[in-house]
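**Q** Handing you this structure, nothing more for now.
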Amino acid sequence: MLHILKVLFLIGSGAAAQVITSQGTHGSYLTMQLGSALGAVFGIFVARGVSGAQLNVVWSMSLWLLGRQPWRKVPLYALSHLLGAFLGAATVYLQYYDAIQVFSGGHLSVAGPNATAGIFCSYPADHLSVWGGIVDQVVATALLLICCLAVEDRRQGLLPDGLAPVLVGALILTIGLSMGSNCGFPLNPARDLGPRLFTFIAGWGEEVFKAGGGWWWVPIVAPFVGGLLGTLIYELLIEVHHPHTPQSPGQESEAVELEEVVVDSGNNR
């Protein structure tokens, strides 16, 4: 799981570092969103056959709630996600160390015209309240879970092999382009907390936890609420309404094999 989050972080935050430290001469808001989306796509391709490519502990929680994996796996995934994101942040920092130092004038800050902490984790826009941030993340993460559950739901129709990761990347790009201006659509508790811990010890200091009126807990708590809401919405409004059709023994065997592929190795984000 460490390598998945490192791939995701290296591409997504690397794109942000390039745009911020070049002051927009090497990229734009769109390229940052593309970096996040493509990071997810290649992260899934790297590990989908080994660990199921569960990139987000909120998705792991959803699978547990649906009875598709045991509870004991969720904290293990959460810990590996946290460590992977921390190491990914450290790698991006080393890669862009010179650029960050020149851009910031050697002063690592969270806010202001030369702030660089936003390369690694989320901070609210000036207009966003804490309550507004909670609503933002609950809605965005609920949408993420609803659409991911639809992608992996074989009763919605079987997808060509390899298409699911691309659709997840397109989903992340869509969320970024439509819901990214408030706080950068973190969506993933470990993806935000791991880099925040890194910046805390790497020189940005305790301001990473004080900025935005103590914003740091919002991208940790709100995505779990949104994930639970999205899972319930999909199950109650879509999943339970699929028509049940009798299957022959051969079809039942094929369905069981398909479910094992989808849940254990194919489409778990």
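**Q** Which ranges mark the helices (runs of 4 or more DSSP H) fully within the range 190-265 that have 2 or more residues being among the small types (Gly, Ala, Ser) and modelled with pLDDT of 55 or more?
**A** Per the criteria, 207-214, 218-237.
**Q** Being outside any helix (DSSP H, G or I) and within 16 Å of the chain's Cα centre (by Cα) is the filter; apply it to the range 121-148 and report the residue that is farthest from MET179 (Cα to Cα).
**A** By that ranking, first place goes to CYS121.
**Q** Do you know which residues across the range 52-85 are crowded, with 23+ Cβ neighbours inside 10 Å and either aromatic (Phe, Trp, Tyr) or under 18 Å from VAL19 (Cα atoms) (or both)?
**A** Selection gives TRP59, TYR77.
**Q** List every residue pair whose Cβ atoms lie under 6 Å apart, where the two residues are 6 or more positions apart in sequence or sit on different chains, the first residue falls within the range 20-44 and is in contact (Cβ under 8 Å) with a residue 12 or more places away in the chain and of a type in the set (A, V, I, L, M, F, W, C), and the second residue, located anywhere, is outside any helix (DSSP H, G or I) and surrounded by 14 or more Cβ atoms within 10 Å (Cβ to Cβ).
**A** Close Cβ pairs (under 6 Å, with a partner that is outside any helix (DSSP H, G or I) and surrounded by 14 or more Cβ atoms within 10 Å (Cβ to Cβ)) amount to ILE44/ALA53.
Residue-by-condition table, conditions (1) at negative phi; (2) in contact (Cβ under 8 Å) with a residue 12 or more places away in the chain; (3) touching a Phe, Trp or Tyr at 6+ places or on another chain (Cβ under 9 Å):
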{"site": "HIS107", "(1), (2), (3)": "yes, no, no"}
{"site": "ASN114", "(1), (2), (3)": "yes, no, yes"}
{"site": "GLY118", "(1), (2), (3)": "yes, yes, no"}
{"site": "THR141", "(1), (2), (3)": "yes, yes, yes"}
{"site": "LEU144", "(1), (2), (3)": "yes, yes, yes"}
{"site": "ALA150", "(1), (2), (3)": "yes, yes, yes"}
{"site": "ARG154", "(1), (2), (3)": "yes, yes, no"}
{"site": "LEU158", "(1), (2), (3)": "yes, yes, no"}
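**Q** Scan the range 1-27 for residues that are part of a loop (DSSP other than H, G, I, E, B) and at pLDDT 75 or above and report the count.
**A** 6
**Q** In the range 28-49, is there at least one residue being out of contact with any helix residue (DSSP H, G or I) (no Cβ under 7 Å at 6 or more places or on another chain), among the hydrophobic types (A, V, I, L, M, F, W, C), under 22 Å from ALA222 (Cβ atoms) and in a helix (DSSP H, G or I)?
**A** no
**Q** Applying the selection to the range 22-46, what residues are of a type in the set (A, V, I, L, M) and over 22 Å from ALA99 (Cα atoms)?
**A** Matches in the range 22-46: ALA37, LEU38, ALA40, VAL41, ILE44, VAL46.
**Q** While we're on this one: Can you name the residue in the range 95-117 that is in a helix (DSSP H, G or I) and among the polar types (S, T, N, Q) and, of all such residues, is surrounded by the most Cβ atoms within 10 Å (Cβ to Cβ)?
**A** SER104
The values are calculated or read from the model by the stated rules, or taken from the named source; none is laboratory data. Just so it is clear, the structure is predicted and the values come from calculations on it, not from any experiment. Glycine also receives a Cβ, built like all others from the backbone with ideal geometry; neighbour counts cover every protein chain displayed.
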